[in-house]
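Rule-based calculations on the coordinates, nothing more; no lab input. The structure presented is a predicted model; accordingly, all values stated were derived computationally and were not measured. Cβ: placed from backbone, ideal geometry, glycine included. Neighbour counts: every protein chain shown.
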Amino acid sequence: MTTENTETPKNILTFLGTAGARFMVSRQLAASGGMWLNLGGTQMMLDPGPGAIVQVNKRKLNPEQLSAIILSHRHLDHSGDANVMVEAMTGGGFHRHGLFFAPSDAFNEEPVLFSYLRRYLDGVVTLEAGKSYKIKDIEFSTPVKHLHPVETYGLVFRGADYNFGYIADTLYFEQLKDYYKCDLLIINMVFTDPRPPVQHLAIPDVIRIVEEIKPKAALLNHYGMHVWQAHPWEIAEDLTQKTGINVIAARDGMKFDLTKLEVIPQRKVAK
């Protein structure tokens, strides 16, 4: 039996970990490696949490091909492997290149990036609300500051073949619908039910966001313990029925075609 010949997707999102919050991360019930983007050959990493370097190698990705590392915010589950990923991206400093993006408070007291690593990079860029940034020919924006205990931004990427938004950790607020109007939403959903004053999204928040924005598809990510116990894939199926939008639960190692808005099936191994 031979492997089917299929066209290689051009714009790919790989989930290196879907764990969110402290207990999921500390127990590694799911991995916490963040996300890897390949947009037409330009590769970047988002939110490299604890174990990112392990997941990168497990998925046979080459960190030296990265052009940038982006942190939505400084919390450990999003930045735990930031330093080792910079080291890996630059070949231990022997191949100086790449950019590192993070909010301003990630560089202040207790900075997430070691000072000696800065000279390995082409640049360190501070993220601000309402700004746009460029990585080679790829543009992204940080449309609005989120409601979270530390400075936090989601991301919006728009290209000729894709447009998607990453709604990082936040408490729900009404203006989200105005800033993340995209064909695809990647949503960090930590809770099954809201737990005020804790500033994370829960299932009712996700329903509201999806119904307000009406994307073509939504990817759930960054699960807390209660979401994990309730089975994210069952939650996604229920949300699809309730909203009429294709809601998909990300899983560790899942690859997603950002142009066709569909999960990339694992290739069959030739026998």
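For a quick check of your reading of the filter: which chymotrypsin sites (Phe, Trp or Tyr not before Pro) in the stretch 73-117 sit in a DSSP loop and have no more than 10 other Cβ atoms within 10 Å?
When the chymotrypsin sites (Phe, Trp or Tyr not before Pro) of the stretch 73-117 are filtered for loop state and at most 10 Cβ neighbours within 10 Å, 94 remain.
Cα centroids of the stretch 172-235 and the stretch 91-110: how far apart, whole angstrom?
Computed from Cα coordinates, the inter-centre distance equals 29 Å.
Determine the percent antiparallel among the DSSP beta bridges restricted to the chain, to the nearest 5.
Rounded to the nearest five, the antiparallel share is 50 percent.
If amide hydrogens are placed 1.01 Å from N in the peptide plane, which non-local residues have theirs closer than 5 Å to the one on residue 186?
It is 165, 166, 167, 219, by chain and number.
Could you derive backbone 3J(HN,Hα) for the stretch 133-144 from the dihedral phi with the Karplus parameters 6.51, -1.76 and 1.60 (θ = phi - 60°), listing whole Hz in sequence and x where the residue is Gly or Pro?
Using θ = phi - 60°, the values come out as 9, 10, 10, 6, 9, 9, 10, 9, 10, 10, x, 7 Hz.
Using Cα pairs under 8 angstrom and six or more residues apart, how large is the relative contact order of the chain, in percent?
Here the relative contact order equals 18 percent.
Excluding residues on the same chain fewer than 8 positions from residue 214, give the lysines whose Cα lies under 16 Å from its Cα.
Hits, sequence-local ones excluded: 177, 181, 242.
About its Cα centre, what dipole magnitude does the chain give when the only charges are +1 on Lys and Arg Cβ and -1 on Asp and Glu Cβ, stated in debye to the nearest 20?
Details: 28 positive and 30 negative charges, 130 e Å.
For this selection, approximately 620 debye.
What is the stretch 206-271's relative contact order, in percent, from Cα pairs under 8 angstrom and six or more apart in sequence? Mind dumping the intermediate values first?
Values: 57 pairs, mean separation 21.0, N = 66.
After rounding, I find 32 percent.
Could you derive backbone 3J(HN,Hα) for the stretch 215-224 from the dihedral phi with the Karplus parameters 6.51, -1.76 and 1.60 (θ = phi - 60°), listing whole Hz in sequence and x where the residue is Gly or Pro?
Karplus values, whole Hz, x for Gly and Pro: x, 6, 7, 9, 10, 7, 7, 6, 7, x.
Among 196, 13, 94, pick out the residue whose Cα is farthest towards the positive end of the charge dipole of the stretch 11-259, where Lys and Arg carry +1 and Asp and Glu carry -1 on C-beta, about the Cα centre.
After comparing all options, I get 94.
Count the DSSP beta bridges whose two residues both fall in the stretch 3-117, then state the antiparallel fraction as a percent rounded to the nearest 5. Show your work: numbers first, answer last.
Details: 11 of 18 bridges.
Percentage antiparallel, nearest 5: 60.
I'd like the Karplus ³J(HN,Hα) series for the stretch 153-160: coefficients 6.51, -1.76, 1.60, θ = phi - 60°, whole numbers in Hz, and an x wherever there's a Gly or Pro.
Listing the rounded values in order: 9, x, 10, 10, 10, 10, x, 5 Hz.
How much length is gained on full extension from residue 214 to residue 122, taking 0.36 nm per residue of separation minus their Cα-Cα distance?
Gain on extension, residue 214 to residue 122, equals 29.3 nm.
Which of 50, 39, 68 sits closest to the plus end of the dipole of the stretch 35-84, meaning its Cα is farthest towards the positive end, when Lys and Arg get +1 and Asp and Glu get -1 on the C-beta?
39
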